Amino acid sequence: MRELVDLIKKSGKVLPGNVLKVDSFLNHQVNPVLMQHCGEELARRFKDSGVTRVWTVESSGIAPALMTALALGVPMIFARKHKSLTLTDDLYTADVYSYTKRVTNHISIAKRFVQSDDKILLVDDFLANGQAVSGMMEIAKQAGVQVVGAGIVIEKSFQPGGHNLRKAGVRVESLAKVKSLADGKVSFEEEKA
Ligand code: 5GP
């Protein structure tokens, strides 16, 4: 998505550890118009998949997930993060290792917001090692609901998440694909028209 790539070029900062900081429009301050366009584009790509709910993980996934859900006309659920989980009877839960924060979070979705015939689109701000998407897929498996794919704002294609998910048969659609952050420079995969 040209608009997104241009903004990453203009305001993205490369941090140590292959982290791309985009907190001026995605991860802290949020650009609503850009999020709307990201949501509309992800919705367009998955419009024939019969999506009934969009899932994400709090907090950075919420903005693009909400806009995607709005464009598809379905509810959005964000999995909550917990340090520890004790009472889990009413929850589906999974563990997610955070690449940027270097901690394991337990994520959960309340059983009452899941229906057996759900078709879930997973949305997240970044795809790196695939932990967040895999955690949500684990929850979908526990709940016995179908995942139609993953819609990602920025995929770091030099990290293995996207490759592993596609190899496992998951449809992954990314709006910007970063192929390298080497030497503090952001370079992108060629964009499809
Ligand atoms: P994964 O679970 O695929 O390993 O990593 C994705 C999650 O880690 C995203 O939800 C995102 O919040 C965070 N993340 C991974 N890489 C980056 C990055 O380069 N920049 C930022 N801002 N967040 C990242």
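The values are calculated or read from the model by the stated rules, or taken from the named source; none is laboratory data. Computed from a predicted model, the values in this text were never measured in an experiment. Methodologically, a virtual Cβ is constructed for each residue, glycine included, from the backbone with ideal geometry; neighbour enumeration extends over all protein chains shown. Each accessible area value is taken on the protein alone, full model and side chains, heavy atoms only, with ligands, DNA and RNA left out. Shrake-Rupley method; radii C 1.70, N 1.55, O 1.52, S 1.80 Å.
A few remarks follow.
- Any helices (runs of 4 or more DSSP H) falling wholly within the range 1-74 and containing at least 2 residues that are under 13 Å from the mean Cα position of the chain (by Cα) and of a type in the set (A, V, I, L, M, F, W, C): 32-45, 62-72
- Qualifying residue in the range 122-136 (condition: open to solvent by 70 Å² or more (accessible area, probe 1.4 Å), within 14 Å of the ligand (Cβ to nearest atom) and either closer than 25 Å to Lys156 by Cβ or not small (Gly, Ala, Ser) (or both)): yes
- Selection count where residues are more than 12 Å from the ligand (Cβ to nearest atom) and either open to solvent by 70 Å² or more (accessible area, probe 1.4 Å) or under 17 Å from Met137 (Cβ atoms) (or both), scope the range 149-176: 9
- Residue selected from the range 1-16 under the condition open to solvent by less than 40 Å² (accessible area, probe 1.4 Å) and not aliphatic (A, V, I, L, M), by the criterion nearest to Val153 (Cα to Cα): Gly12
- You will find that of Gly39, Gly17, Gly61, Gly12, the residue that is out of contact with any Cys (no Cβ under 6 Å at 6 or more places or on another chain) and more than 15 Å from the ligand (Cβ to nearest atom) is Gly39 and no other.
Here's the yes/no breakdown for (1) of a type in the set (Val, Ile, Thr); (2) buried (at least 21 other Cβ atoms within 10 Å of the Cβ); (3) without any contact (Cβ under 8 Å) to a residue 40 or more places away in the chain:
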{"site": "Asn27", "(1), (2), (3)": "no, no, no"}
{"site": "Arg45", "(1), (2), (3)": "no, no, no"}
{"site": "Ala65", "(1), (2), (3)": "no, yes, no"}
{"site": "Arg80", "(1), (2), (3)": "no, no, yes"}
{"site": "Thr88", "(1), (2), (3)": "yes, no, yes"}
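- All conditions in (1) touching a residue at least 40 places away in the same chain (Cβ under 8 Å); (2) within 15 Å of the chain's Cα centre (by Cα) hold for Val147, with the sole exception of (1).
- Residue list for the range 123-155, restricted to those being polar (S, T, N, Q) and part of a helix (DSSP H, G or I): Gln131, Ser134, Gln142
- Total residues in the range 80-121, condition part of a loop (DSSP other than H, G, I, E, B), closer than 25 Å to Glu173 by Cα and away from the ligand (no atom under 11 Å from the Cβ): 5
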